[in-house]
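The structure under discussion appears below in the form of structure tokens.
Only the coordinates and a few stated rules stand behind these numbers; no lab work does. All values derive from a computational prediction rather than experimental measurement. As a convention, Cβ positions derive from the backbone with ideal geometry for all residues, glycine included, and neighbour counts pool all protein chains shown.
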Amino acid sequence: MTEAIGLPNIQLKLAITTEALRKAEERATAGQLALEVIHEIQNSLQVVQNTTYLALAEAKYPTRVRKYLKMTNEHVGILARITTQTLGFAKSSQSARHIDFADLAEAALRIHQRKIEAKQVHLVKDLPRDLVAEVHTGEILQVISNLIVNAVDALPIGGILRLRVRKVQDKVRFSVADNGHGIPAEYSRDIFQPFFTTKQENGTGLGLAISKKIIERHNGVIRMRSSVRPGKSGTIFHISLPA
């Protein structure tokens, strides 16, 4: 009798805890994106400041001034693109809206850009525009970010990370693939289970479990295929969402 009462109670507490952790992870993802956006803005502002100074200092040389103004204009355009995209994410984070999957993928890559560069990862992007899905932006950004960081963690120095989005009938299909060490077949059934991890002390075992719940809440499907064969190892995750 105690077990019959206790088990549902434990499951409820686990569900509440998992949802709280999901929201905390989503906020962390948003915070990481904000930091990277600020970093990009600072870089462009520095260029604008320098080119403006040079244009003023060399005002008597029209050819040079035009060159500096052209560079200034390019970076003002970059700033406009960054702010417009970031505001778009902020406005659509609370409710489901139609958003271009390429924009989501680029935002997730921005979050992990320094880690990707530090590991000298060869990035292969196949992200055509105008492949749109109605999603909660913050949640799907969280999923893509999680898949990217898992792939980068699995890669050797100079490894390959591939991102691809396609329209398949009435679905948007997004893939994250790496040529890392792979996931053994005996773990394939457990990979989406809460608290299961192959990262030992470096993983919580919640990232993929939360990702699966998010995708299912969007009426989508997430699948994994992996190989540990020498010379052909690697892992690919597929996400399918209603277009």
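Do any of Lys171/Lys232; Lys67/Lys125; Lys212/Lys232; Lys171/Lys213; Lys70/Lys119 go past 23 Å between their Cα atoms, and which?
As for pairs spanning more than 23 Å Cα to Cα, those are Lys171/Lys232; Lys67/Lys125; Lys212/Lys232; Lys70/Lys119.
For Leu206, enumerate residues with amide H under 5 Å from its amide H, sequence gap 5+ or separate chain, H modeled in the peptide plane.
Correct list: Phe195.
Let me know the whole percent of all Cα-Cα pairs from the range 125-226 that are separated by more than 15 Å.
Numbers: 3405 of 5151 pairs.
Value for the range 125-226: 66 percent of Cα pairs lie more than 15 Å apart.
At a Förster distance of 35 Å, what's the computed FRET efficiency of Ile41 paired with Glu186, Cβ-Cβ distance as r, to 0.05?
Numbers: r = 46 Å, r/R0 = 1.32.
Calculated value: 0.15.
Taking the highest mean first, how do the peptides 234-242, 59-67 order by number of other beta carbon atoms within 10 angstrom per residue? Please report the intermediate quantities before stating the final value.
Details: 234-242: 20.0, 59-67: 11.4.
My ranking of the peptides, most packed first, is 234-242, 59-67.
Simple spin-label model, 7 Å along Cα-to-Cβ: Leu131 to Asn73 in nm?
About 3.4 nm, to one decimal.
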